[in-house]
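Would you mind keeping the following structure in view while I ask a few things?
The values are calculated or read from the model by the stated rules, or taken from the named source; none is laboratory data. No experiment lies behind these values; they were computed from the predicted model shown. Every residue, glycine among them, receives a Cβ derived from its backbone with ideal geometry; neighbour counts consider all protein chains shown. Each accessible area value is taken on the protein alone, full model and side chains, heavy atoms only, with ligands, DNA and RNA left out. Shrake-Rupley method; radii C 1.70, N 1.55, O 1.52, S 1.80 Å.
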Amino acid sequence: MNSQSIHFRLIVWYAGVLLLVLLGFGAFTYTTLRFFGNQVLGESMAHRAQQIADLVTSNPAGKDPQYVSREIVKRYDPATNDRFVRVSRSDGQILFLSDEPNDRSFAPQEIPVWQRKAEKPTTYMVVAPGGTRLLVAAQRVQARNNTFLIEVGGTLTSNEQLLQRLLLTLLLGLPVVLAVVIFGGYVLTKRALQPVQTMMRAAQEITLSQLSRRLPALNSDDEVAHLAAVLNQMIARLDESFQNTARFTADASHELRTPLTIIRGELEAILLDRKLEPDLRDSLASLLEEAERLVRIVEGLFALSRLDSGEAQTERVRFDLAKLAETTAEQMCLLAEVKHIDLVYETSHCVEIEGDRSRLKQVVVNLLDNAIKYTPEHGRVSLAVRSQNGSALLEVSDTGPGVSETALPHLFERFYRADEVRSREIGGAGLGLSIIQSICTAHGGGVTAANTPPSGCRFTVELPLAHKS
């Protein structure tokens, strides 16, 4: 998953926020449970201290010194219940001290005596020498002209064990909860972003020749549906703009063809006059050459405007591309022989495609014409047609100087010429490769260019094969 995608970031934010919430809730639960556990134990010890205080004050005139001890053991049995009980007088004499508890967690005689002079009952924490923590409730009572100190305590071991189990549960459960949250977040965000994925796939299929298509409308009233509506409005405006541009280019090209044809005819007629002076004849010949160049540019613009408007395939038939390429190469052999260039074509078995035969022949003609123009004398131009991985491949290679690496990405741009001076010398207008690309795109294919070491260039046309009948 891409770490920069919205999908990934939503999952991270969702898991991060929930992790903070769980950590906060766990800390709150742990602290609250600890507080209330200690509070309940403290209240229990204070209540027990009050009961023993009542027992001390109820001793009839203190005639039986063992009365309090027997009643404490009989009623409360501190050792069995792991409790600490001590009853002492103000002079320091201990009337009762509980035995060592069954769990041996502390020694009662090692618990320090409460030294505060205040009469108000209180609860405090004591740490036994063995490390056991006790919560002790202390209370002073007056009986028979004596002051008695009642101390009752209980260990925090049970509370601490409960807190440890809670902490262990949180530590073990947190990764599981996070894993479930991440998986759930992945599923939820994927479902939430599914309309965006659908829009992306639909947008990728909309090309310059398919601006009439629109993104799918969503049956909702959320932000994604509003985005789809806004994008459809933008595509509609682009479609109208491109149609206006294409109509303007086609109309302008059509209107320019007639005056340019007249100018060329007039110049050709004037040049037939033998009385013209040589300097004037050269100037008129130069003007005629520029007029012919303008005618080629207008014809190219007119062809591109028709291609952009979807008129690239006036007819769609099934034919053999290898046979078409071979026939076209034979027709252009004379052009190659003038420059003493070897034109070699290698065609395999039948390579059937569906499309406009005349348009695709124009592709072969333009590629071979470019290769012959840019290949020096005694060079070689190769044409090959084959099928590969469900596609028809047409390759035109030459032994010319090749194309600079900086110019390769721009070769198919309109009016782009890698060598301005040389292109003018051979009459190039910078539209031939653009026309080839537009024809290939209209047929569901494409064209690429690459240098072939040590010298030369190779153009590769890839078109879908015809479906088997």
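Please report, in whole Å³, the volume per residue of the convex hull around the C-alpha atoms of the chain. Spell out each step's value before the answer.
Numbers: hull volume 147.1 nm³, N = 469.
So the per-residue hull volume is 314 Å³.
Towards the positive end of the charge dipole of the chain, with charges on Cβ (+1 Lys, Arg; -1 Asp, Glu), say which of 135, 174, 350 has the farthest Cα.
135
Quick check for you: with a 1.4 Å probe and neighbouring chains kept, what is the accessible area per residue of the chain, in Å²? Don't jump to the answer; show the numbers that get you there.
Numbers: 27740 Å² over 469 residues.
So the chain comes to 59 Å² accessible per residue, rounded to a whole number.
Still on this model: Would you please put 134-147, 447-460, 167-180 in order of how densely packed they are, using the mean number of other Cβ atoms within 10 angstrom per residue and starting with the highest?
Numbers: 134-147: 17.4, 447-460: 15.8, 167-180: 11.7.
Highest to lowest by the protection proxy: 134-147, 447-460, 167-180.
Kindly state, to the nearest 0.05, the FRET efficiency for residue 30 paired with residue 201, given R0 = 56 Å and r defined as their beta-carbon distance. Walk me through the intermediate numbers first.
Details: r = 49 Å, r/R0 = 0.88.
After rounding to 0.05, the efficiency reads 0.70.
Counting pairs on different chains as well as pairs 8 or more places apart, how many Lys pairs in the chain have Cα atoms under 27 Å apart?
9
Calculate the FRET efficiency for residue 162 and residue 110 from the Cβ-Cβ distance with a Förster distance of 25 Å, rounded to the nearest 0.05. Walk me through the intermediate numbers first.
Values: r = 26 Å, r/R0 = 1.03.
The computed FRET efficiency comes out at 0.45.
Output wanted: per-residue J couplings in Hz (rounded whole) for region 394-408, from phi through Karplus 6.51 cos²θ - 1.76 cosθ + 1.60, θ = phi - 60°, x for Gly and Pro.
Values per residue, Gly and Pro as x: 10, 10, 10, 10, 9, 10, x, x, x, 10, 5, 4, 6, 8, 4 Hz.
Further question: So, in Å, what gap is there between the alpha-carbon centers of region 76-154 and region 341-391?
Cα centres, region 76-154 to region 341-391: 107 Å.
How much FRET efficiency would the formula 1/(1 + (r/R0)^6) give for residue 337 and residue 5, where r is the Cβ-Cβ distance and R0 is 51 Å, rounded to 0.05? Present the calculation step by step, with values, prior to reporting the outcome.
Details: r = 58 Å, r/R0 = 1.15.
After rounding, the FRET efficiency stands at 0.30.
Got the relative contact order for the chain handy, in percent, Cα pairs under 8 Å and 6 or more residues apart? Don't skip to the end; give the middle numbers.
Details: 633 pairs, mean separation 45.5, N = 469.
So the answer I get is 10 percent.
To continue, here is another question. By what distance, in whole Å, do the Cα atoms of region 156-225 stretch along each of the three principal axes, largest value first?
Answer, in whole Å and largest first: 79, 22, 11 Å.
Under a plain spin-label model, where a point goes 7 Å from the Cα along Cα-to-Cβ, how far apart in nm are residue 188 and residue 69?
It works out to 6.7 nm between the two label points.
Once Lys and Arg get +1 and Asp and Glu get -1 on their Cβ, which of 154, 207, 242 lies farthest toward the positive end of the dipole of region 131-281?
154
How many percent of the alpha carbon pairs in region 328-400 exceed a separation of 18 Å?
On the way: 1012 of 2628 pairs.
Here the tail beyond 18 Å accounts for 39 percent of pairs.
Further, regarding this structure: With all protein chains present, how much of the accessible area of the chain (probe radius 1.4 Å) comes from carbon and sulfur, to the nearest whole percent?
On the way: 15720 of 27740 Å².
Ligands and nucleic acids excluded, carbon and sulfur reach 57 percent.
By how many nm would the segment from residue 316 to residue 57 lengthen if fully extended, with 0.36 nm per residue of separation less the alpha-carbon distance? Please report the intermediate quantities before stating the final value.
Working: separation 259, 0.36 × 259 = 93.24 nm, distance 11.58 nm.
My answer for the length gained is 81.7 nm.
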